Structures are given as structure tokens and as C-alpha cells.
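K.L.:
Once you've had a glance at the structure underneath, I'll fire off some questions.
The values are calculated or read from the model by the stated rules, or taken from the named source; none is laboratory data. Since this is a predicted model, take the numbers as computed values, not measurements. Neighbour counts run over all protein chains shown; Cβ positions are idealised from the backbone, glycine included.
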């Protein structure tokens, strides 16, 4: 079922947290709400679930307004960051709790619970106690419990942030497989850009209560709508200039690009810059930092204030102090309208 | 730093409060000890007691008595003997518990000097050696004003006093009714039964062992089976039960017409008094013979409230003042008691509290007699002579609890089939 | 978004409770000024200031006794809170021999009739010359307040935990400083609750204070209770009013003082 | 932190504990007849036997259990509803809590005072009904005080105990509801279902502890049963008090024996409580703060 938010705004204890949010999520789509902490993404999630009441605006699910529907009837299930497993219940009881609420028969609940446990690869944990299992296993139980509630919309509130790196990767795959299998409209709240880029069909970038950009991961990475979005994904150097007749002119360089005329800022990310040794190079290497599978080169233009960074993959014998020349990879440059 | 000041502040409060309440302890016992040599005459006692403090422990529930002691007696003692009177409100059973504890701990110098006591409590305290005495023979006023041959000066609830307590005030059970509501007043148990039939459900008495309730039942027993036999009766349940069988039948018969058919009785006489004031009952009883006058003055009773007694009389007793065995200031206590049994104090007490005086009328000087006669005893009460003419002695102290036991088993909620 | 039906029902229940608690207060206030209130009038038939005059009468020195018994109960409350903080820390953060013995001791005073304890301890206190002294009364009251204060402090200490204090150690704070600057402010709400609870229990004690204080240590209850037991509703209610008002004033002061030291207003919700 | 600190920390409470136990032991000895002040020296059980054998003992016990059990159970139920009302309408702070604290601060003697002036046949309730014409004489008003049904006493206890249960369990239920209750509702449980399945079971420890406190208190308390109770049968604590104020001081062991029995039964109740709560803990697994 597709979900639509129409100028939702929320104030909590006199502070305006969300400023007229408009967002539409297609049926079965997996989107993520990306942004730094405090940008209001969790609040938006809780507003969708009905835990927080919006001051204005309305939420439509499959075209029908949710505002009058109480939280427990919305089927907008949240997977909280702090798990919130019911301590007085076993793993199976936790998972079958939503089914019990729907009024299913006891055996049907148990059977479904076991089935879901298999889905999250936790067979045999049925009668374990919730505080006897590890963080990763807890996360999977919470996921199974959420699916048991047969959600129309699955809301994930930074579910992986408390897990260690490799555990996080398996959980992401598990969530994606399940989401594809059940085709549930899902919203993931995260501050981890890699998570957002790899998992979601579309990303809504949020910044103090507003959605700055809502687009596919590629577009948002390739042509961010402003510097805030751009910097969030990858830092780089900005060179301001102007495009006239499909040609960008700036103090340092010019390049042909077919964009309509106007003032622009060009973002040069390290990945867009190639460097090669050249005695007569106009640039000089200032620092060479080893980053595991590549090097980060910091280069300055001689007698100029321009500073650039580049990623060096092959083991070229460039050392600090060498003179180099640079080559810009045209289609990795990002042009942001002023 | 903000938090540091908070903690220092909290500690300061702790030290301050402990300190300030600590100094109260120091005045407690030590410098207040007055050694007593047994054969000192009264003037020597007065000298010894000068500048000391005497504590007077007794029931604190009567605000008029507290005011009289603190506003009239205490200043007089201060001015006359430079004795500071400290009135402490405490029920008699807690006083005895405190004395018993002090005796068991072997404390020679306790904190209680004078005790307001009578009846069974005196008997039990004396039996367990908690009281100092004999001392009344040392008090000049004792011979001067008190009729030493009087029944109630020699025996307290039938037990020999032997100089261990001096009379303080006289009490007598009286009945109160609102003449506007019940013009007639029963003169004996038969008329009382008719009275209860007429005002069905509007009469009751406090459940025993309440002091006044117990006196009321004993008065009814006296009216039915006479009182003489009890003075020498053996304190055995069967013997007593057999003697008061007719009275028990009467009480069971009475239950039918009492409040809530006698199935249950209010816990205290105070409760009965409140129900009378509120108009729920038409009759109340009190051990203070002039309770009606005091009540009307206080505005708690309507002006039409009257006092009445039975023709054969009602139970009366005297309450006394004893001295604790481990009293730290026995000399002071004796001087104060001597002052209390003086005509002047008894008259003042009669005026203020309307308590029947203990002084013998014929031992008074004319001028003292005049002072007693001119006392305005207030509205709705009987004169002292009429009361004293209708006064019956209390049952012996050890029979009273037996009566109370029998009443609980044989009377409450029971009817003659 | 709230379910209107259940919410209204709960709100109604709340208002009934508030009414049921406040109504008797009005009745007591009425009684304090009543002279006669006979059947069937719903309001006293005649009023009098008898009770008020009696309370303010100088001879009774009601107010000096009220003050000294407030101070006494405050001392008990403070000591009880301090002891409770210490005991709670020990029980929550450490494992030591006889740990669950402490749980039992802290619950025991509730399970014993006060007569048994008072009668039993009375003789011992006389021998230790603690009887008839404020210190003796403070100790005895303290014992009766501990079950409540320890329970409050244990719950709060458990929910706050030790990790913040340990963080302070790492940052160079000595154990005492760490407690003072980190745990103490966080415990403040609990401390206020403990002081309030202990004050209530100590201030309304009657029999134990009477016996151990032996009439030497006068508390307000010792003046009030005889009049209520006797059934003098007017005087009893007047004393009851002074009892309630004085306690509310003391609570107000306690909150004011301790709140002033709580810099940040917002709640620390740790669980 | 060195090994010694816990022992320093618990020093004050242990001292007070020892003093308490010494006092109770000394009190219990008196119930066996050892009171030298009244030269009663030989220890014997016959005070206990005599008390248990006395005709009124069983009735007194029944009455006391009747009062304390009914009032405590009712108070626990109504108290829990009150706590839920506070939590679900968001009144966990502010004025209503002050009113509830007011009920806790009023001692039982004052409760007895206004109970009589409201519930007696001459009380305000009766007068109201009279004014409304529902009853014609005082006698028609049902007898709530001084009767075997002990309604007056139970109402008196409820007035104090319902707010106490609420005040005692409020913080726990509030925190449970904020986290787990919210999660349950999100998983499809209605507010009522989430209360019954999640918030209530997890708040039980606090409610059960409050229940134990009010049960043991009402079983051993003397004020209300004495002032509002029936003449016969008297509650155990009232019977003990009557024995205590008995003028014949050598009657004291009977009073202490009765108190000893009260103590025994109270500890029986506490024992059952700890058994149940521990057994439940072992089965249910102690829950960590959510």
C-alpha cells in the first residue's frame, strides 16, 4: 500500500521539529530517511505510526487518511533502536504477541512464530529467554515480531546502529530479502550514508525538520541539490564559476558541460581527480595518506590557494613533494546551482 | 560550586536539628534530683523544693483542666513556693508502662513526680510497688481540710489507700437529657426501661471497658441487686455472675430498645456524647457531675440540657494524686499536692472546672464556706448536696474487670428468649 | 488519536479520587469551627472559635511544641535519607556477605506491631539513658522510616546505575567527588521523595514516641491524639488542620530548597 | 573501590537493625511471661495457650483477616486503576500527585475522625439522603460503623491505601508504559490489551510490594478497628490494646502474647509473599529495566 504525507508539521514542547513535510512512498518501495541526528527523522517515523500527533497535515495510506485511526490499528510497525523486547516473555511468545492481539488461535500463533524464526535464521531459539540471547539475535527476534504483526508499512528506526560492522551487513541483507519477499512498503531511518545508498530505492535527505532532496541514491549522490546534501555524501573542494553556452568557466579551469546557463559551484571529489607525475606539473603533493586499499593524496596548486584531494589506487611511486599534473574526469564533476 | 553548597547546607540542617533538640535532654533528670530525707517536716520540704520543677502526669484530654493547671495553679505555685509545675498529658496505662520499664531497668530517678490516678490502676500500681508512700500524713492540709474518716479517703475502689494517694477531685456518674426533647427523667431502672421503650433506638451507653460505660452498667446493677454485697464479694467470675444474674436479664431485656437493638455499642463515651449533641441520642452520661454546665458554657450543649440521677443514687468516686516511687522530686510533689488539697485551690478548681471538691465542708472556715456556696454551678445541674446524698461507693477494683468480662459475654447482642 | 471512551472513563476516575480525598478536608475545616451540628442540617447549626482560641492559647505552647516536633521529624527525615542512600548504594553496586539480610532488615519494621518493639526497646533505652531524650525518639522513628526510604532509593539507584560515576572516575574525579557531582544530583528527586515520606511517618508517630519520649519529648501528635480519641471533634479537627497545614508548608520548603539546587529543569529519564 | 566500602555503607542500617531485633526479642520475651518489674519470672507458654483458647480469639482473628484482606485487595485493584489513570492521562506529575500525597500524609486517627462524621447514621451521607427524601429516619441509613460487616473500617483504610498503592507503583508503571507499552500498541495491541499483557504484568512487583505493606499494616493497626469497629468481636490489635490497658499490670503478658500472635501471622503473610514473588521470579526470569 502506498503511503503519502501531506505537509505534516510537528511541534514538541514548543519546538518545531517537522516543518510541513511532503513525502510519497510507492507500494512495496524501500526508502530511507537520511540525515544527521536531531534532524527529526525519528519523530517523522513516530508520527506516521501515530505515537506522536502531528500539529497539521495528514497521512494517507492507500489513499485513506490515517489521522483518525489509533496507533494499534494502523499496522505501521516500528522496529525500535532499543529493541523493546518484552522481558517477561520467551522469544516465541514475543514473536506471537501481535498474532495473539489479532486474535489468532494459540497453536496457529506458535506455528507462525516458528516459521518466522526460520525466516530470520533463529531456529531452535523458540523457548530461549530474551535476556539470554545476543544483540544480533535480539535484533532478529524484533524483526520477526514486526513481520508477525503483518505490517502494511514497516518502519525501521536506526535498527543496526548498535550492531558491529560485519553483523550489520548480514542484518541488512536479511532485511532486504524479507522486504523483497513480503513486498512491504518500508521506511528506514538512518544516519549511515552507506546503508542508505546500498539498501534504498529512494533516499529522503532531511535537515532540521525539512526534506532537502528525495531521489534515487545515484541522483542524490551525483547531483545533490545543495552543498549540505553534497557534503553529507562525500567531501570535496568547491570552485565557483559560470556556465554559458554549455561551457563552465572558472578561474582555474573550464570544461564543456551541457547544463543551462547560470552561476554554478563545481564540486571536485577526490574520486573525480586523476594525478600523474610531471616535472613541470603545476601542482605539488603536500600529503600522502594510506587508507588500506588506496592512498589519499593532498595536492596544492603552486603559488595559488587552490587545494585538491585525489584517490590513488595503483601503487604509483609518487612521494610527498613531487610535482604532478592533474586530469579531471568530466562526468564525475558535480555542478550545484548557486 | 553549586552542589557543594547544597551538601554543606543539608549537613548543617542535620547538625542544627540534632543540636537544638539535644539540649532538651540535658534539663532532663540530673540537676533536678532532690534528695528526700524521710522525717523532714513540711517546712523543710518547702525549703528543699524551692526552685525545682515538679511534673504532673495525667490524662491530657480535658483542655479546661490543662488550662486551669497551667494558668491558675502553676503561677500560684511559682509565686508561693518558686516551684515550676510541668503538666504532661499521658494516659494512665502508658504512665504505668513507663514506670514499669523504669523499675525493670533499675532507674532510681525517673521523670514522673505526680500521677493522676484512681481505681484499678492505683490498686495495680501499689501492688507492683510503683508508688511512693505513705506521704499524706506529712501534708498539713490533709488533716486541716480532708475528712480523714471518709470512706473514699481510706479506700479507693474498695482498696486501702494507706496514705499512698491524696484526694484530688470527686466524680460521680450523672445522666444528661435535653428537657426540650425528653421532659421526663427516669428515677430508677424500671422507669429507665419504659424511657427506652418510649424513645426506641435513641438510647445507648459506651461499650465496656470504657470507664463511663462501665460505671453506667454498674449503677444499673446496683439499682437492681443493691450495692452492699459487692464490697465484700470474692473476686470470682462464677460468684459475681450468679450475684448479678437478675441485672444481666434486665440488660438483655433493655437491649431490644437500645440503639441498634444493643447488637453493638459505641467504642468510647466521647462517641455517645457526640451522638447526644447531634441529636441521634436523647440521653448521655458523664462522670463529671457538672458536665451539663460546662457543655452549655462551651456552647456544645443546648441550654435545655438537664442533669438527673437515680433515686437510689449513682456510682461516685474520687480521683487521687499519687507519687511515683522513682520520682526525682518527691519533696516538690508533696508541696504541690498539699497546695492542691487546700480549700483555696479546691474552690478555684470548683469554680473553673466544676469538679466536686474533696475538702470536708464542716472543716472549712466560714469565709471559705461562703466562697464555695457563692460558686455559680451553672445551668442544668444538681446541687452538691443532692449529688452527695445520691452517691454509691465503687465496686472493688478487682471485681470491675470481671463485670466487664461478663458483660461482653452475656449482654452484647443478646436477648432474653 | 487517543481512544475517547477509555480516556474519559479514566479521567472521571481521577476526578472522583481527587474529590474523595479533598472532601474530608473540607469537612475537617468545617468541624474546626463548629459549635453544634445537629441532625439533619448539612452545615453546622452554630459556629465558634473555641478550638482556635484553645490552640493559640499561650499556656498550651502548641506552637513551640509544633516547631520542635517539625525539627525532630526533619532530622529523622534527613538521617533516614542519608542512611537509605548509603544502604541502597551498598545493596545495588556491591555483592557482600549478608546482602539479602539487608533487604529483610529494611522490611522488618513493617512486619512488627509497634507495641512489641516499643515495649521491648523501652527498658534497653533506659539503661542506655536514651529514653526520655530526643536522640532516643529520633532513633526509634528512624527505624520505622527506613523500609520506605530504602525502597525509594534502591529503585532509583538501580535505574541510574554506576556507569556515569565510573565515567567520572576515568575523568579524574575521586570516588567521593564523583558521587557528589554526578550521582547526588541525579538522586535528588529520590532524596526529596524519601525525605517527604520519612517526615510523614515520623511526624505522625504516636505510641512509640510517647513511650520512648516519656512525655519529656513532646511531639504534635501527642497533643492531638488524646482529643481525637476522646471524640472532641471540634478541637480534634482544629489540631488536625494545623497538622496538615504545617506538613504542607514543610513540604513546600523542602521542595523549594532542593529544587533550587537542581540546575537543569528537564527530567533525567534513565529507564 | 576497595573491599571494605560496602560494609562501611551498611554500618548504620545494621546498627539500627540489631537494635530493632533486640527490641522485638525483648518484647517477645514479655509475651512468655518474663517481666521482672511485676515479678513474673517463669517463662511459660500458657499465656499463648490461654489467648488462643479464649472464645473470642477465633472471632477476632476472623474479623482482622476479613478487614485486612478485603481492604488490601480492594486497595490494590483500585490503586492499580488509579495508577493506570494517572499514567494514561499523562498526570504523572503536577497537582493531582500532590493531592494523592495529601492522602498519604493524613494519619489514621484523623481518618477515623472524618469517617465517623461522614458514614455514621447521623453523618453527612445520611443527612444528604434525608434531605433528598431517600431515607426518612436515621435508622433507615445502613449501619456502616460499629457492625460486623466492617464496611466503615474498610472504607477508612481504602481512603488511605488506594493513594498509597498508586504513589508506590507510579514511577515503575510510567516507565514501563513509555517504552514497552508503546511498542505493544505499535504491534497492534489496543491500549487495554497492551495494559493487560505488558504494562500490568511488568508493574506487578511494585504493586505486590505495596499490597504486602498495606496488608501487614492493616492487619496489625489498632486505630480504625478500635474507633469504628463492632463491640464484639473486636479485631486482634484492639483486643491486644484492651489487654494492654488492663489495669492489672500482671495482665501485660496476655497483651504481649496477642501481639506475638499478630507478629507471627504477619510474618506468615510476608513469607507467603516472598515465596510467591521468588517462585514467579525464577519462572518469569527477573526483568531488566527496559
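K.L.:
Being in a helix (DSSP H, G or I) and either touching a helix residue (DSSP H, G or I) at 6+ places or on another chain (Cβ under 6 Å) or closer than 19 Å to residue D:103 by Cβ (or both) is the filter here, so list the residues in region D:172-190 that pass it.
P.N.:
Answer for region D:172-190, where residues must be in a helix (DSSP H, G or I) and either touching a helix residue (DSSP H, G or I) at 6+ places or on another chain (Cβ under 6 Å) or closer than 19 Å to residue D:103 by Cβ (or both): D:172, D:173, D:174, D:176, D:177, D:180, D:181, D:184, D:185, D:186.
K.L.:
Okay, moving on. Find the residue count for region D:113-137, including only residues that are surrounded by 21 or more Cβ atoms within 10 Å (Cβ to Cβ) and more than 7 Å from chain C (Cβ to nearest Cβ).
P.N.:
Of the residues in that region, 7 qualify.
K.L.:
Additional query: Looking at region A:81-97 only, could you name the residues that are in contact with a strand residue (DSSP E or B) (Cβ under 8 Å, 6 or more places away or on another chain) and over 15 Å from residue A:127 (Cβ atoms)?
P.N.:
A:81
K.L.:
Quickly run through region B:381-402 and pick out the residues that are away from chain D (no Cβ under 13 Å), surrounded by 17 or more Cβ atoms within 10 Å (Cβ to Cβ) and outside any loop (DSSP other than H, G, I, E, B).
P.N.:
Of everything in region B:381-402, those that are away from chain D (no Cβ under 13 Å), surrounded by 17 or more Cβ atoms within 10 Å (Cβ to Cβ) and outside any loop (DSSP other than H, G, I, E, B) turn out to be B:384, B:387, B:391, B:392.
K.L.:
Among the numbered criteria (1) within 11 Å of chain B (Cβ to nearest Cβ); (2) more than 23 Å from residue C:198 (Cα to Cα); (3) at pLDDT below 90, which single criterion is violated by residue C:270?
P.N.:
Evaluating residue C:270 over (1) within 11 Å of chain B (Cβ to nearest Cβ); (2) more than 23 Å from residue C:198 (Cα to Cα); (3) at pLDDT below 90 leaves (1) as the failure.
Every residue, every condition in (1) under 21 Å from the mean Cα position of the chain (by Cα); (2) surrounded by 23 or more Cβ atoms within 10 Å (Cβ to Cβ), yes or no:
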position: B:122; (1), (2): yes, yes
position: B:133; (1), (2): yes, no
position: B:136; (1), (2): yes, yes
position: B:183; (1), (2): no, no
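K.L.:
Restricting to region A:48-74, count the residues that are facing chain D (nearest Cβ under 8 Å), surrounded by 20 or more Cβ atoms within 10 Å (Cβ to Cβ) and within 25 Å of the chain's Cα centre (by Cα).
P.N.:
Count: 1.
K.L.:
Read through the list (1) more than 19 Å from residue B:317 (Cβ to Cβ); (2) within 14 Å of chain D (Cβ to nearest Cβ); (3) crowded, with 20+ Cβ neighbours inside 10 Å, then give the number of the only condition that residue B:338 fails.
P.N.:
(2)
K.L.:
How many residues, within region C:108-127, are free of Cβ contacts under 8 Å to residues at least 40 places away in the same chain and either within 7 Å of chain D (Cβ to nearest Cβ) or surrounded by 24 or more Cβ atoms within 10 Å (Cβ to Cβ) (or both)?
P.N.:
Residues in region C:108-127 being free of Cβ contacts under 8 Å to residues at least 40 places away in the same chain and either within 7 Å of chain D (Cβ to nearest Cβ) or surrounded by 24 or more Cβ atoms within 10 Å (Cβ to Cβ) (or both): 10 in total.
K.L.:
Could I ask something else about it? Filter region B:148-159 down to the residues that are in a strand (DSSP E or B) and touching a helix residue (DSSP H, G or I) at 6+ places or on another chain (Cβ under 7 Å) and list them by number.
P.N.:
We begin by selecting, within region B:148-159, every residue in a strand (DSSP E or B); these are B:155-156, B:159.
Correct list: B:156, B:159.
K.L.:
Now for a different question. Determine whether residue B:213 is in the same structural domain as residue B:340 (by TED's automatic domain parsing), under 25 Å from residue B:408 (Cβ atoms) and crowded, with 19+ Cβ neighbours inside 10 Å.
P.N.:
So residue B:213 fails the test.
K.L.:
Is it the case that residue B:171 is in contact with a helix residue (DSSP H, G or I) (Cβ under 8 Å, 6 or more places away or on another chain), touching a residue at least 24 places away in the same chain (Cβ under 8 Å) and assigned to a strand (DSSP E or B)?
P.N.:
No.
K.L.:
Now for a separate question. Please verify whether residue B:364 is surrounded by fewer than 23 Cβ atoms within 10 Å (Cβ to Cβ), over 30 Å from residue B:43 (Cα atoms), outside the structural domain of residue B:258 (by TED's automatic domain parsing) and in contact (Cβ under 8 Å) with a residue 12 or more places away in the chain, treating the condition exactly as stated.
P.N.:
no
K.L.:
Do any helices (runs of 4 or more DSSP H) entirely within region C:156-248 hold 2 or more residues that are within 28 Å of residue B:57 (Cα to Cα), and if so, which?
P.N.:
C:184-203, C:207-213, C:220-230
K.L.:
While we're on this one: Does residue B:140 satisfy the criteria of being more than 29 Å from residue B:399 (Cβ to Cβ), in contact (Cβ under 8 Å) with a residue 12 or more places away in the chain and more than 13 Å from every other protein chain (Cβ to nearest Cβ)?
P.N.:
Details: more than 29 Å from residue B:399 (Cβ to Cβ): yes; in contact (Cβ under 8 Å) with a residue 12 or more places away in the chain: yes; more than 13 Å from every other protein chain (Cβ to nearest Cβ): yes.
For residue B:140, the condition - more than 29 Å from residue B:399 (Cβ to Cβ), in contact (Cβ under 8 Å) with a residue 12 or more places away in the chain and more than 13 Å from every other protein chain (Cβ to nearest Cβ) - is met.
K.L.:
For residues that are under 30 Å from residue C:118 (Cα atoms) and touching a residue at least 40 places away in the same chain (Cβ under 8 Å), tally how many sit in region B:64-95.
P.N.:
2
K.L.:
With the structure loaded, tell me whether residue A:78 is within 15 Å of residue A:139 (Cα to Cα), in contact with a strand residue (DSSP E or B) (Cβ under 9 Å, 6 or more places away or on another chain) and crowded, with 21+ Cβ neighbours inside 10 Å or whether it fails that test.
P.N.:
Here the answer is yes, as residue A:78 does meet what is asked.
K.L.:
Checking the conditions here, which among D:27, D:33 is in contact (Cβ under 8 Å) with a residue 40 or more places away in the chain and more than 7 Å from every other protein chain (Cβ to nearest Cβ)?
P.N.:
Details: D:27 fails: more than 7 Å from every other protein chain (Cβ to nearest Cβ).
After ruling out the rest, the residue left standing is D:33.
K.L.:
Need at least 1 residues that are in contact with a strand residue (DSSP E or B) (Cβ under 9 Å, 6 or more places away or on another chain) and exposed (fewer than 11 other Cβ atoms within 10 Å of the Cβ) per element, so show me which strands (runs of 3 or more DSSP E) inside region A:271-314 make the cut, counting only ones lying wholly within it.
P.N.:
Here the list reads A:283-290.
K.L.:
While we're here: Residues in region D:75-111 that are out of contact with any helix residue (DSSP H, G or I) (no Cβ under 6 Å at 6 or more places or on another chain), farther than 15 Å from residue C:18 by Cα and more than 8 Å from chain C (Cβ to nearest Cβ): how many?
P.N.:
2
K.L.:
Mind listing just one residue for me: the one in region A:103-128 that is surrounded by 15 or more Cβ atoms within 10 Å (Cβ to Cβ) and not in a helix (DSSP H, G or I) and, of those, farthest from the chain's Cα centre (by Cα)?
P.N.:
The qualifying residue farthest from the chain's Cα centre (by Cα) is A:104.
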